[in-house]
Amino acid sequence: MRSLPVIDISPLRDPLASAAAAARTVDALGLACRAHGFFYVTGHGLPAALTARLEALARTFFAQPEAFKLRWPMSAGGRAWRGYFVAGGELTSGRPDWKEGLYLGSELPADHPLVRAGTPLHGANLWPDLPGLRDTVLAYLAAGADVCATVLRGIALSLGQPADWFDQRYTHDPLLLLRLFNYPSRPAPEAAAWGVGEHTDYGLLTLLWQDDTGGLAVHTPDGWIDAPPLPGTFVCNLGDMLDRMTRGLYRSTPHRVRLNTSGRDRLSVPLFFDPNFFSTPRPIDGLPAATDDRATRWDGENVHAFSGTYGDYLLRKVGKVFPELQAAVLR
């Protein structure tokens, strides 16, 4: 596969779709997951008008002076780990990524039990002073989560499991994390070699919207291939926990983003649909034993040797992305 497959998931959403159409979608998902864990989805049902509103608001925010954006810094988000960071403020493998971003997620009030308990990555968002941003983000979170749940139903079926296998074990109350990323068109400092350096995602499934600038590349077994924007689609990719659950049968594949040299800012919006923070991801019964793949992984770690909750795994990873914030708020 020298390009990513495009998969129509509408048969998994439409109760009137034929069994044959649904089976073709399930087979296509299984093939893509085994090949390299990246694919485009169409027929997703996420309204284009909603995505357009989010894009317009994100561009308005990132076009503001830095002093305005820093009124909502990540340091003010506390243990919820929400807010804005400047270009170069996020690290991959110890090197700065040349992007700026706004971290968002499920909105939980101060009296929610998880917030009162100080659970990391749970809490209220920091909402920049832009009319409509809060409502648009929360609507997008809900719609994007529905798309992810649909894809995971198909993936469960492709593994010979009931359609609700993930929902029953890990995602009935998922950890939803949304990022608005802007890749500046201005020249990057020498320390920043990439828009985002080579990495894999941590959880189950990522749903990515990207503008028409391009820059995403995927490290498949046959080498690096581009994942250019296709109108009306989202890019889906598998995270480390799905790789772990399938003992490496379904791949969590490294990817990266080139420095933006287009002359205009590049916008992307990944939604991470992850296991419940307190769940303990385990391999699916009956699959062959996983191989130790540390020698071929970008981080030199064996995800199949990990034990503990998803929260344990995630905090260890994000602590490397924002080491100063990790030391300040997650002691």
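So PRO189 fits all but one of (1) in a helix (DSSP H, G or I); (2) in contact with a strand residue (DSSP E or B) (Cβ under 8 Å, 6 or more places away or on another chain); (3) surrounded by fewer than 20 Cβ atoms within 10 Å (Cβ to Cβ); what number is the exception?
Going through the list (1) in a helix (DSSP H, G or I); (2) in contact with a strand residue (DSSP E or B) (Cβ under 8 Å, 6 or more places away or on another chain); (3) surrounded by fewer than 20 Cβ atoms within 10 Å (Cβ to Cβ), PRO189 breaks only (1).
When you scan segment 232-270, how many residues do you find that are of a type outside the set (A, V, I, L, M) and either without any contact (Cβ under 8 Å) to a residue 40 or more places away in the chain or over 15 Å from PRO283 (Cβ atoms) (or both)?
Adding up the residues that qualify gives 20.
Within segment 57-78, is even one residue surrounded by fewer than 18 Cβ atoms within 10 Å (Cβ to Cβ), touching a Gly at 6+ places or on another chain (Cβ under 9 Å), of a type outside the set (A, V, I, L, M) and touching a residue at least 60 places away in the same chain (Cβ under 8 Å)?
Yes, segment 57-78 contains at least one residue that is surrounded by fewer than 18 Cβ atoms within 10 Å (Cβ to Cβ), touching a Gly at 6+ places or on another chain (Cβ under 9 Å), of a type outside the set (A, V, I, L, M) and touching a residue at least 60 places away in the same chain (Cβ under 8 Å).
Can you list the strands (runs of 3 or more DSSP E) lying wholly within segment 12-114 that have 1 or more residues being small (Gly, Ala, Ser) and within 19 Å of LEU176 (Cα to Cα)? Outline the logic, then answer.
Details: elements: 38-42, 83-85, 100-105.
Qualifying strands (runs of 3 or more DSSP E): 83-85, 100-105.
Condition (residue is assigned to a loop (DSSP other than H, G, I, E, B), in contact (Cβ under 8 Å) with a residue 12 or more places away in the chain, more than 17 Å from the chain's Cα centre (by Cα) and surrounded by 17 or more Cβ atoms within 10 Å (Cβ to Cβ)) applied to segment 163-182: is it met by at least one residue? Explain how you work it out, then say what you get.
Here is the first cut: in segment 163-182, the residues assigned to a loop (DSSP other than H, G, I, E, B) are 163-164, 172-174.
Narrowing the set further to residues that are in contact (Cβ under 8 Å) with a residue 12 or more places away in the chain leaves 172-174.
Still in the list and also more than 17 Å from the chain's Cα centre (by Cα): 172.
If we keep only those that are surrounded by 17 or more Cβ atoms within 10 Å (Cβ to Cβ) as well, we get none.
For segment 163-182, residues assigned to a loop (DSSP other than H, G, I, E, B), in contact (Cβ under 8 Å) with a residue 12 or more places away in the chain, more than 17 Å from the chain's Cα centre (by Cα) and surrounded by 17 or more Cβ atoms within 10 Å (Cβ to Cβ): absent.
So that you can scan it fast, the table gives a plain yes or no per residue for (1) at pLDDT below 90; (2) in contact with a Lys or Arg (Cβ under 9 Å, 6 or more places away or on another chain); (3) over 20 Å from ALA58 (Cβ atoms); (4) surrounded by fewer than 16 Cβ atoms within 10 Å (Cβ to Cβ):
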{"position": "GLY215", "(1), (2), (3), (4)": "no, yes, no, no"}
{"position": "ASP265", "(1), (2), (3), (4)": "no, yes, no, no"}
{"position": "PRO270", "(1), (2), (3), (4)": "no, yes, no, no"}
{"position": "THR291", "(1), (2), (3), (4)": "yes, yes, yes, yes"}
{"position": "ALA295", "(1), (2), (3), (4)": "yes, no, yes, yes"}
{"position": "ALA305", "(1), (2), (3), (4)": "yes, yes, yes, yes"}
{"position": "ARG316", "(1), (2), (3), (4)": "yes, no, yes, yes"}
{"position": "PHE322", "(1), (2), (3), (4)": "yes, no, yes, no"}
{"position": "LEU330", "(1), (2), (3), (4)": "yes, yes, yes, no"}
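Please enumerate the residues belonging to segment 234-268 that are part of a loop (DSSP other than H, G, I, E, B) and within 25 Å of PRO184 (Cβ to Cβ).
Within segment 234-268, PRO254, ARG258, LEU259, ASN260, THR261, SER262, GLY263, ARG264, ASP265 qualify.
Could you please find all residues in segment 285-311 being touching a Phe, Trp or Tyr at 6+ places or on another chain (Cβ under 8 Å) and of a type in the set (A, V, I, L, M, F, W, C)?
PHE306, the sole residue that qualifies.
Return the pair list, or none, for Cβ contacts closer than 8 Å from residues in segment 87-99 that are touching a residue at least 60 places away in the same chain (Cβ under 8 Å) and buried (at least 18 other Cβ atoms within 10 Å of the Cβ) to residues that are of a type in the set (Lys, Arg) and in a loop (DSSP other than H, G, I, E, B), at least 6 apart or on different chains.
From segment 87-99, the pairs are ALA87/LYS99; GLU90/LYS99.
The values are calculated or read from the model by the stated rules, or taken from the named source; none is laboratory data. No experiment lies behind these values; they were computed from the predicted model shown. Glycine also receives a Cβ, built like all others from the backbone with ideal geometry; neighbour counts cover every protein chain displayed.
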